[in-house]
1. Note the full-extension length gain between ASP232 and PHE98 as 0.36 nm times their separation in residues minus their Cα-Cα distance, in nm to one decimal.
2. Test of understanding: what is the full-extension gain from TRP187 to LEU139, defined as 0.36 nm times their sequence separation minus their Cα-Cα distance?
3. Calculate one ³J(HN,Hα) per residue across the stretch 175-185 by plugging θ = phi - 60° into the Karplus curve 6.51 cos²θ - 1.76 cosθ + 1.60, and present them in order as whole Hz with x for glycine and proline.
4. Provide the per-residue ³J(HN,Hα) series for the stretch 140-154, in order, calculated from phi with Karplus coefficients 6.51, -1.76, 1.60 and θ = phi - 60°, each as a whole number of Hz, with x at glycine and proline positions.
5. Using +1 on the beta carbon of Lys and Arg, -1 on that of Asp and Glu, and nothing else charged, what's the dipole of the stretch 133-220 about the Cα centre, debye to 20?
6. Under the rule of at least 5 residues apart or a separate chain, name every residue whose amide H is placed under 5 Å from the amide H of ALA133.
7. Given a Förster distance of 25 angstrom, what is the FRET efficiency for SER214 paired with THR106, based on the Cβ-Cβ distance and rounded to 0.05?
8. 5 Å is the cut-off here: which amide hydrogens, built 1.01 Å from N in the peptide plane, fall below it relative to ASN148, excluding neighbours closer than 5 in sequence?
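The values are calculated or read from the model by the stated rules, or taken from the named source; none is laboratory data. Since the structure is predicted, the reported quantities are computational estimates derived from the model, not experimental observations. Here Cβ is always computed from backbone atoms with ideal geometry, including for glycine, and neighbour counts include all displayed protein chains. Heads up: the accessible areas ignore ligands, DNA and RNA and are worked out on the full protein's heavy atoms, side chains in. Shrake-Rupley method; radii C 1.70, N 1.55, O 1.52, S 1.80 Å.
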Amino acid sequence: MTKILLGTTMLAGLLVAAPAFAADMPLKAPPRAPYYTDWTGFYLFGFGGYSWGKISPDDLSLSPFHNPKPKGGVFGFGGGYLWQYGAWVGGVEVDYGFSDEKDNQTIRVCPVVIGVAAVAQCASATLHSKIDALGSARLRAGYLFTPNLLAYGTAGVGWGRSELSLSECVGTRCETLLDAKPNLFGWVAGGGLEYKLFEHVRIRGEYLHYDFGSTGYAFQPIVTINAKTRDDVARGALIWSFN
């Protein structure tokens with residue numbers, strides 16, 4: 001009987017002490033929600049970089065020339081608007097760039113001189129190609145891996161302007177034989193990283209691929225050839241946001 005009373009007393013003591021012990025334990029703070037800076041709003045930017053393209057005729061060989069591959073610097077400006085939903089960011093953007101992509105291929109022919117009285121004149125033919133303008137209107141979607149670092153993808157419509165010409169020189173006399181300057185329309189896609197340096201100022205690095213499909217190069221009044229025109233751009237940008 002004594003053992004039963006002792007056990008009952010100890011059990012009652014534990015039940016009374018348990019709530020008091022729990023009350024003395026420190027409470028664990030609830031997890032903090034991630035903090036993201038505000039990316040919503042309008043922005044403007046200027047960019048610069050390097051671009052390289054390729055012009056490939058559909059059903060015509062340019063032999064003895066190879067398919068033109070113009071390359072060079074590119075710079076321009078643009079603007080857009082972003083919406084933020086937690087760590088997700090989406091938006092629209094429009095830009096226009098000036099390109100200095102060029103490619104010149106020259107073939108030189110000099111006749112064999114027979115006899116001292118013969119006068120030889122060397123002749124050359126040059127295939128000149130360039131892409132001098134690039135623009136786009138795109139959608140953007142990305143994720144904030146840190147409050148200030150956005151990784152994104154982008155796609156939309158692209159446009160540009162190119163030129164393909166053939167000139168001939170005989171001695172010191174040169175003339176353009178064929179010249180075509182078509183406007184280009186197609187699609188563009190790419191991606192990049194954007195970082196917020198401080199309030200209102202961001203920097204960006206991105207890659208874009210332009211595909212203008214098959215475009216008619218009209219060498220008036222002789223012939224029109226169809227050629228696929230593509231361009232790749234790697235560029236950086238300095239951005240001013242108004243939010």
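1. Contour length minus the Cα-Cα distance gives 46.9 nm.
2. The TRP187-LEU139 span can extend by a further 16.1 nm.
3. 8, 8, 8, 9, 7, 9, 9, x, 7, 10, 9
4. Running phi through 6.51 cos²θ - 1.76 cosθ + 1.60 with θ = phi - 60° gives 10, 8, x, 10, 8, 6, 9, x, 10, 10, 10, 9, 8, x, 8 Hz.
5. My answer is approximately 340 debye.
6. SER99, ARG161
7. Calculated value: 0.40.
8. none
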